[in-house]
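Down below is the structure, laid out as structure tokens.
Every number here is computed from the coordinates shown, using simple stated rules; none is lab data. Note that the coordinates shown come from a computational prediction; the quantities given were computed from them, not determined experimentally. A quick note on method: Cβ atoms are made from the backbone with ideal geometry, for glycine too, and the neighbour counts reach across all protein chains shown.
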Amino acid sequence: MSGNNRILFVGSECFPLIKTGGLADVMGALPLALESYDVDVLTLLPGFPAIKKGLKSAKKVGTLPAIAGGNVTLMKGTSSTGQEILVADAPHLFDFEGNPYLDARGEDRKDNGPRYAAFAKIAADVAQGLAFKWKADVVHAHDWQAGLTAAYLSLAKGKKPRTVFTIHNLAFQGLFPKRLLSSIGLPEHMFSQDGLEYWDKISFLKAGIVYSDVVTTVSPTYAREIQTDEGGMGLGGLLKKLNHKLHGIANGIDTETWDPFSDPALPEPYSARRVAGKKAAKKALQERFGLDPASKGPLFGVISRLTDQKGLDLVAGALPHIVGNDAQLVVLGSGDKNLEQAFMDSAKQHPGIVGTFIGYDETLAHQVQAGSDVILVPSRFEPCGLTQLCAMRYGSIPLVARVGGLADTVIDASAAALKHGQGTGIQFSPVGFDQLITALDRAMSLYQTEKTWVQIRRNGMKEDVSWAQPAAAYHSLYQ
Ligand code: ADP
């Protein structure tokens with residue numbers, strides 16, 4: 001048995017209990033992948049109604065009094081995937097439905113600062129055994145919502161757990177006014193350049209970076225990009241200075257949830273060896289969106305938050321090019337209202353060619369992955385990206401911007417790569433309209449060369465996109 005075998009995961013979302021993006025996928029899959037090691041992982045989540053509802057065999061295991069003006073009950077149970085979950089049940093903090101960070105208008109919720117500061121305080125207390133008889137050897141906190149955990153732990157006396165902090169997206173920094181500091185119980189001296197101060201505000205993300213023993217981010221290329229002025233979003237210099245403790249580990253995906261051979265959302269099972277069922281998935285997707293089944297070109301799919309980061313304005317701009325080349329497009333996403341409108345309009349203007357679903361739909365995400373020929377991920381920056389991994393698993397060819405984790409996880413099917421039997425997708429760089437058009441043309445022309453297409457698809461389907469390798473890397477970090 002190793003020394004560091006009790007790990008407390010701390011984060012604000014976790015698949016399948018609650019999810020707004022890739023963070024939830026990681027929180028829901030990495031702890032399960034770590035089960036094959038000699039570690040005992042407990043995942044702490046805020047007591048949102050959706051999480052409490054999804055928890056099985058929940059039992060009260062402890063309490064913490066007077067956290068942000070109320071008591072916290074710690075409930076332990078399991079998720080439907082068998083993950084051990086600890087829920088911080090605190091109605092005064094977490095009793096609301098919907099997006100955990102944004103209100104119905106898409107604005108940051110008013111109390112995010114005190115709410116997630118309290119969540120981090122709860123995590124620090126639980127980790128030290130103050131809520132019940134279980135102490136963590138390592139606390140692994142994720143993103144700004146859990147960023148203050150290491151700051152609170154740094155103030156604790158005596159033997160304390162080591163801390164790992166993972167940046168899933170540097171763009172979300174958790175910035176709050178300075179006046180919050182005293183009300184969340186942090187001392188004035190922390191509000192400095194070497195502490196959690198960021199341009200006269202408190203940065204929860206910076207706190208995680210500064211006060212943790214180890215910082216990771218979700219791909220090696222993103223780990224390099226965030227140490228630059230261009231990619232560092234104001235924290236580049238700090239991350240460069242601290243690069244001795246910064247590690248880039250690319251995410252995997254849950255290959256059980258994402259398995260075209262056993263996926264209940266698909267009309268027929270298929271796999272790398274028996275790929276015929278993918279045709280049925282394309283037909284079903286075309287039917288669902290009323291697309292012409294006689295189209296001779298590839299079906300491009302998008303499953304994404306519709307935001308500036310994801311570069312989908314470029315796809316909206318490229319629509320005439322897709323439509324004019326007998327290709328098709330299905331978009332599943334939500335976010336920026338202008339982009340939502342642009343894709344809804346284009347579905348109206350091009351019936352039979354473009355299909356749009358605005359919203360969040362897990363089952364449809366599986367169907368788009370399976371029914372598309374190409375999945376588009378033209379992100380301006382992308383810490384890791386998961387949709388390109390799902391695409392490979394589902395035999396759809398990822399067409400991606402060569403940034404961050406997209407650069408690390410997709411091998412461009414260049415002539416040289418193909419000559420050596422390599423290539424899992426199409427990359428383009430820099431991220432611009434002309435480059436996207438060229439990449440779309442490459443995809444459309446490769447699609448007409450069946451032998452090459454089949455080879456790229458097979459290469460992708462054979463890639464190990466599971467959590468096995470990343471879990472091994474995290475496990476050795478914990479040690
Ligand atoms: P990010 O976390 O930046 O949004 P990732 O690629 O890391 O991007 O993860 C996105 C996750 O959310 C993937 O699992 C993807 O399938 C899923 N997803 C994104 N948008 C939707 C949607 N509209 N409906 C269903 N799933 C979605």
Problem set entry | Cα-based helix-to-principal-axis angle, 433-447 vs the chain, degrees rounded to 10 | 60
Problem set entry | Under 5 Å, built H, 5+ apart or other chain: amide partners of Gln328 | Leu299, Phe300
For this session: Determine the sum of side-chain charges near His92: Lys and Arg each +1, Asp and Glu each -1, restricted to other residues whose C-beta is under 15 angstrom from that of His92.
Result: +2
For this session: Using Cα centres only, tell me the gap between region 395-438 and region 119-163 in whole Å.
Result: 41
Seminar exercise, completed: Per-residue ellipticity at 222 nm attributable to helices in the chain (runs of n ≥ 4 DSSP H, -39500 (n - 2.57) apiece, nearest 500 deg cm²/dmol) works out to -10000 deg cm²/dmol
Exercise. What list of ³J(HN,Hα) values in whole Hz, one per residue of region 401-413 in order, does the Karplus curve 6.51 cos²θ - 1.76 cosθ + 1.60 (θ = phi - 60°) give from phi, with Gly and Pro shown as x?
Worked result: 6, 7, 9, x, x, 5, 5, 7, 9, 10, 9, 5, 7
For this session: Sum up the charges of everything whose Cβ sits under 12 Å from the Cβ of Trp134, counting Lys and Arg as +1 and Asp and Glu as -1, but leave Trp134 out.
Result: 0
Exercise. Which order, highest average first, do 178-185, 384-391 follow once you tally other Cβ atoms within 10 Å for each residue and take the mean per peptide?
Worked result: 384-391, 178-185
For this session: Just order 411-420, 318-327, 5-14 by mean Cβ neighbour count inside 10 Å, highest at the front, would you?
Result: 5-14, 318-327, 411-420
For this session: Rank the residues Tyr222, Tyr270 as a footprinting-exposure proxy: fewest other Cβ atoms within 10 Å of their Cβ go first.
Result: Tyr270, Tyr222
Exercise. Summing +1 for each Lys or Arg and -1 for each Asp or Glu, what net charge is found among the other residues whose Cβ lies under 15 Å from the Cβ of Val72?
Worked result: +2
Problem set entry | Residue-wise HN-Hα coupling along region 110-120, computed from phi with Karplus coefficients 6.51, -1.76, 1.60 (Hz; x: Gly, Pro) | 4, 9, 4, x, x, 4, 7, 5, 4, 4, 5
Seminar exercise, completed: Violations at 32 Å Cα threshold for listed pairs Lys60/Lys240; Lys19/Lys135; Lys76/Lys337 -> Lys60/Lys240; Lys76/Lys337
Exercise. Under a point-charge model restricted to the Cβ atoms of Lys and Arg (+1) and Asp and Glu (-1), what is the dipole moment magnitude of region 288-328 relative to its Cα centre, in debye to the nearest 20?
Worked result: 140
For this session: Restricting to the chain, compute how many DSSP beta bridges are antiparallel as a %, nearest 5.
Result: 30
Exercise. Tell me, what is the FRET efficiency for Lys56 and Ala415 to the nearest 0.05, using R0 = 41 angstrom and their Cβ-Cβ distance as r?
Worked result: 0.20
Exercise. Between the helical axis of 362-371 and the dominant principal axis of the chain, each derived from Cα atoms, what acute angle in degrees is found, rounded to the nearest 10?
Worked result: 30
For this session: Could you list which residues have their amide H under 5 Å from that of Arg6, counting only those 5 or more apart in sequence or on another chain, with H placed in the peptide plane?
Result: Asp40, Asp137, Val138
For this session: Output ³J(HN,Hα) for region 300-317: one whole-Hz value per residue in order, computed from phi by the Karplus curve 6.51 cos²θ - 1.76 cosθ + 1.60 with θ = phi - 60°, and x for Gly and Pro.
Result: 8, x, 10, 10, 6, 5, 9, 9, 4, 3, 7, x, 7, 4, 5, 5, 4, x
Problem set entry | Likely footprinting exposure, His366, His244, fewest C-beta neighbours within 10 Å first | His244, His366
Problem set entry | DSSP bridge orientation in region 1-73 - percent antiparallel, rounded to nearest 5 | 45
